[in-house]
Amino acid sequence: MQLDELYNDGRSLLKGELPQSFVEMHGIVNRSALIDYEAGTAYFDSDTFLQVLEYANKLEQGELFMERPFEEDLRRGNNHISVSLIHSLAQLLYMEAVAGVEITAIGFPTADSVGSIMIPTLLYGMGQGAQNPSGAWEFLRFMLAEQQQRGVAFEAIPVSRSVFDEVSNQLMNPVPLESPELGDGIFIDGVFIEFAPMTNDQTDRLLKIIDTLGVVLSGGESVVTNIVLEEANAFFSGNRSAQDAARIIQNRVSIYVSEQYG
């Protein structure tokens, strides 16, 4: 909200995001602050959640796709807040090369200012009643081994720190022509932007983003999400005030959590 006031006359800088998805993601990253499952209580009637509803309502409904990537718009001198996915070690390098500026990951609004989300592309686990736990464990070890991690290192961020460092060092060398992870550059407004090697600073900032991840997106409480979105939509459509929407959400979620977990 402060950035909106400073750079966009109070209008939202967040582009390509629907009000519903913003509220849903806010609920995911702030689930521990919004719901106390052990106590069977909820806190959707707070001033903070009310501000989130009102901010989401300022987003341009229906503007799912922008005419060009936000990185290109940054290069043209415009200001943006964008929901983006860093899906590989090379992604931050690509984004900043296209934008021509350093990009800061701030995440969604949270009480502790750590609102970035980890989205695992592959999840493995061992069932409690596994008939062959030693075999299951050997499979897990195989998937986490360096050889397997190298196989996905340019498509996703590896969980192996040694492979992470190995790929980062490769990206710090001059990017070869037609490299599978980046290519040699990109045309923007008819001008060819060549990809420079990744810097130590970029690697350190990417590590900092990873180290501060506090939420893993692996599903959630769909009943609560549906309640929140149903009542929030009544506010977005003008059929209910933000205060009334928050109050009804609080009542409905409190009853549900109390009955299910209290």
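Values in this text are rule-based calculations from the coordinates and carry no lab data. Note that the coordinates shown come from a computational prediction; the quantities given were computed from them, not determined experimentally. Positions of Cβ are backbone-derived with ideal geometry, glycine not excepted, and every protein chain shown enters the neighbour counts.
Mind listing which trypsin sites (Lys or Arg not before Pro) in the stretch 128-161 are in a DSSP loop and have 14 or fewer other Cβ atoms within 10 Å?
none
Based only on Cα atoms, what mean projected area does the convex hull of the stretch 75-125 have, in nm²?
Working: hull surface 20.0 nm².
Computing the convex hull of the Cα atoms and averaging its projections yields 5.0 nm².
Given the convex hull over the Cα atoms of the stretch 133-211, what projected area results after averaging over all orientations, in nm²?
6.9 nm²
Along the charge dipole of the chain, Cβ charges K/R +1 and D/E -1, which of 49, 59, 1 sits furthest on the positive end?
49
Which whole-percent values make up P(r) of the stretch 211-262 when all C-alpha to C-alpha distances are grouped in 5 Å steps starting at zero?
Taking all Cα pairs of the stretch 211-262, the binned fractions are 4, 19, 22, 17, 16, 13, 7, 2, 0 percent.
Based on Cβ point charges of +1 for Lys and Arg and -1 for Asp and Glu, what charge dipole magnitude is obtained for the chain about its Cα centre, in debye rounded to the nearest 20?
420 debye
Please go through the stretch 81-144 and write out the chymotrypsin sites (Phe, Trp or Tyr not before Pro) that DSSP classes as loop and that have at most 12 other C-beta atoms within 10 Å.
Of the chymotrypsin sites (Phe, Trp or Tyr not before Pro), the ones in loops of the stretch 81-144 whose Cβ has at most 12 other Cβ atoms within 10 Å are 124.
Determine the dipole magnitude for the stretch 133-211: charges of +1 sit on the beta-carbon of Lys and Arg, -1 on that of Asp and Glu, nothing else is charged, the reference point is the Cα centre, and the result goes in debye to the nearest 20.
Computed charge dipole of the stretch 133-211: roughly 340 debye.
Would you work out which of 85, 198, 143 lies farthest towards the positive end of the dipole of the chain? Charges go on Cβ: Lys and Arg +1, Asp and Glu -1.
143
How long is the gain from residue 41 to residue 261 if the chain were fully straight, where each residue apart is worth 0.36 nm and the alpha carbon distance is subtracted?
78.3 nm
Let me know the Rg and Dmax you get for the chain when you use only its Cα atoms, in Å.
21.6, 62
From the residues 163, 103, 128, which one has its Cα farthest along the dipole of the stretch 89-228 in the positive direction, the dipole being from +1 and -1 charges on Cβ of Lys/Arg and Asp/Glu about the Cα centre?
Towards the positive end, the residue furthest out is 128.
Just subtract the alpha-carbon distance of residue 124 and residue 137 from 0.36 nm times their residue separation and send over the number in nm, one decimal.
3.6 nm
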